[in-house]
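Shown next, in structure tokens, is the structure this report addresses.
The values are calculated or read from the model by the stated rules, or taken from the named source; none is laboratory data. Nothing here was measured: the structure is a model prediction, and the numbers come from that model. Because the Cβ atoms are built from the backbone with ideal geometry, glycine has one as well, and the counts that use them run over all protein chains shown.
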Amino acid sequence: MTDLDQQDATGERLRGRIAAELERTRDRTRLLTDAVDDGDLMRQHSTIMSPLVWDLAHVGNQEELWLVRDVGGRPPVRQDIDDLYDAFKQPRKDRPSLPLLRPDEARAYLHTVRDKVFDLLDHVRFDRRRLVTDGFAFGMIVQHEQQHDETMLATHQLRVGPPVLSGEPTPPAVVPVGGEVLVPGGPFTMGTSTDPWALDNERPGHVVDLPPYLLDAAPVTNDAYLAFVDAGGYHDPRWWSEAGWRHRCEVDLSAPMHWRRDGSGWGYLRFGRFSPLVGAEPVVHVSYYEAEAYAAWAGKRLPTEAEWEKAARWDPATGRSRRYPWGDEDPTVERANLGQRHLSPAPVGAYPAGASPLGVHQLVGDVWEWTSTTFHGYPGFAAFPYREYSEVFFGDAYRVLRGGSFGTDRSACRGTFRNWDLPIRRQIFAGFRCARDVPAGERAA
Ligand code: AVJ
Ligand code: FE
């Protein structure tokens, strides 16, 4: 084979992979938006969420902007609607009153855009511009649609009405997991300069040196969190930060979102179905402030973002940072609870094949994990390809979440992937695990 043939073969493989990812992602978008009627698509189910039909057309509009117009250099399909679907021009609360595309118009629009994308995918050269190198722009658009799919899943969770989504039962716990894991001190590589579809905020790779720390082997479970609730944790300002306590009082928090009293115990309302609380599942739908209060009550703290990533990537055998806790291979159903296959987190101990070499479980999948770190660019950060994905959110207002949830697709989740949200938010599928400094006495030994 000549070099040119080799290049063609690589290009063909990449084209095939991109096409499969685009189709797989569109199937999920369709599932989420075909599940409800037009009224439910156009209604705003919460003032912090968009009408589902806005997410739908916005996904198509981003695909048009980046793939049809920029990568393909083709004429616009619907330039007239760009402003309507610009998240920065339209505050969420105003979105339901905009002259949005109706559901059938939005579906037709997505179809038209996708047709053009498949056409240009046949001809595109992957070696001409940085935007398209290794198919990056296509990967970015796949991840964008998947991120909005997770947002739409959160909207479904907020929607009032009979269940319309279904998932497979979660796997049972098969190994006992508990306690803490000691992560030795020393340097590791955080972020990446080489992962082809990594987004700008994951770059560049850089060395971070950490002192040793203890990290919970699993996310905090409903049982553990319930002990905090039962101990009066929501009524004791000692455990809360000043801002956290102020918020807790303002909105009168007393338990995770979607928990309901069930006789003498608790249950939760999940995608329209009520079920008793499962004690061994990671707690979900808690804000950063609640996570922070629980950790203080437990005599611990939240991990920093670097501590989370070292536990998820650092291989003690080689010192190398890998893509996932289990290695560099892609996630599978045995390794992680991702992709909306199940409509809840799975019990702690259900994914031994996904554990890290040090024995940290369920870092990827199940629940996003709050870290104590505010969202900033890494040293040497450069916005690419647009400032509005990450850079405009840098600052101390947001906290970083890591690891992905049961509603996160594998394309939008890896050891370097960074999510962020305001510390008061709990509509996202967020939980946490705790960390602790190694006590001075234990360090010498
Ligand atoms: C990375 C999940 C915080 O949903 O606001 C979607 C992803 N950016 N469209 C968000 C995103 C632009 C973003 N998060
Ligand atoms: Fe978006």
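The table that follows gives values for the structure above.
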| read-out | value |
| --- | --- |
| Test: residue in the stretch 73-82 that is within 16 Å of ligand 1 (Cβ to nearest atom) and more than 24 Å from Gln427 (Cβ to Cβ) | yes |
| Residue in the stretch 50-60 that is crowded, with 18+ Cβ neighbours inside 10 Å, within 21 Å of the chain's Cα centre (by Cα) and part of a loop (DSSP other than H, G, I, E, B) present | yes |
| Selection count, the stretch 203-228, where residues are buried (at least 17 other Cβ atoms within 10 Å of the Cβ) and in a helix (DSSP H, G or I) | 5 |
| Flag if Ser254 is assigned to a loop (DSSP other than H, G, I, E, B), touching a Lys or Arg at 6+ places or on another chain (Cβ under 7 Å) and touching a residue at least 12 places away in the same chain (Cβ under 8 Å) | no |
| Residue in the stretch 289-321 that is nearest to Asp216 (Cα to Cα), counting only those that are surrounded by fewer than 19 Cβ atoms within 10 Å (Cβ to Cβ) and among the charged types (D, E, K, R) | Arg301 |
| Residues of the stretch 61-92 classified as of a type outside the set (S, T, N, Q) and assigned to a helix (DSSP H, G or I), total | 12 |
| Odd one out for Asp149, checked against (1) part of a loop (DSSP other than H, G, I, E, B); (2) charged (D, E, K, R); (3) within 16 Å of ligand 2 (Cβ to nearest atom) | (1) |
| Where a residue in the stretch 57-82 is under 20 Å from Arg125 (Cβ atoms) and touching a residue at least 60 places away in the same chain (Cβ under 8 Å) and its partner, wherever it lies, is away from ligand 2 (no atom under 13 Å from the Cβ) and of a type in the set (Ser, Thr, Tyr), with Cβ under 6 Å and at least six apart | none |
| Members of the stretch 271-288 found to be over 15 Å from Asp216 (Cβ atoms), in contact (Cβ under 8 Å) with a residue 60 or more places away in the chain and in contact with a strand residue (DSSP E or B) (Cβ under 6 Å, 6 or more places away or on another chain), listed by number | Val284, Tyr288 |
| Search result, residues across the stretch 375-392 that are within 16 Å of the chain's Cα centre (by Cα) and surrounded by fewer than 17 Cβ atoms within 10 Å (Cβ to Cβ) | Tyr389 |
| Filtered residues of the stretch 1-21 (kept if surrounded by 15 or more Cβ atoms within 10 Å (Cβ to Cβ) and more than 24 Å from His342 (Cβ to Cβ)) | Gly11, Leu14, Arg15, Ile18, Ala19 |
| Condition met for Thr170 (of a type in the set (Ser, Thr, Tyr), buried (at least 17 other Cβ atoms within 10 Å of the Cβ) and more than 16 Å from the chain's Cα centre (by Cα)) | yes |
| Flag if Arg95 is in the same structural domain as Asp55 (by TED's automatic domain parsing), modelled with pLDDT of 95 or more, assigned to a helix (DSSP H, G or I) and closer than 14 Å to Leu56 by Cβ | no |
| Some residue of the stretch 354-362 being touching a Lys or Arg at 6+ places or on another chain (Cβ under 8 Å) and part of a helix (DSSP H, G or I) | yes |
| Conditions (1) in contact with a Phe, Trp or Tyr (Cβ under 9 Å, 6 or more places away or on another chain); (2) within 16 Å of ligand 1 (Cβ to nearest atom): number failed by Gly135 | (2) |
| From Val113, Val132, Val59, Val53, residue being assigned by TED's automatic domain parsing to the domain that holds Asp34 and over 30 Å from Leu158 (Cα atoms) | Val132 |
| Flag for Ser411 being hydroxyl-bearing (Ser, Thr, Tyr) and more than 16 Å from ligand 2 (Cβ to nearest atom) | no |
| Set Val348, Val364, Val392, Val333: member being outside the structural domain of Gln143 (by TED's automatic domain parsing), within 16 Å of ligand 2 (Cβ to nearest atom) and among the aliphatic types (A, V, I, L, M) | Val392 |
| Of the criteria (1) surrounded by fewer than 20 Cβ atoms within 10 Å (Cβ to Cβ); (2) more than 30 Å from Phe406 (Cα to Cα); (3) under 27 Å from the mean Cα position of the chain (by Cα), which one Leu98 fails | (3) |
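Okay, residues lined up against (1) on the phi < 0 side of the Ramachandran plot; (2) of a type in the set (S, T, N, Q); (3) within 15 Å of the chain's Cα centre (by Cα):
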{"position": "Ala306", "(1), (2), (3)": "yes, no, no"}
{"position": "Glu309", "(1), (2), (3)": "yes, no, yes"}
{"position": "Gly319", "(1), (2), (3)": "no, no, no"}
{"position": "Thr332", "(1), (2), (3)": "yes, yes, no"}
{"position": "Val348", "(1), (2), (3)": "yes, no, no"}
{"position": "Leu358", "(1), (2), (3)": "yes, no, no"}
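Listed here are the residues, each with its yes/no results for (1) in a helix (DSSP H, G or I); (2) over 21 Å from His111 (Cβ atoms).
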position	(1), (2)
Asp5	yes, yes
Ala9	yes, yes
Arg13	yes, yes
Leu22	yes, no
Thr25	yes, no
Arg28	yes, no
Thr33	yes, no
Leu41	yes, no
Thr47	no, yes
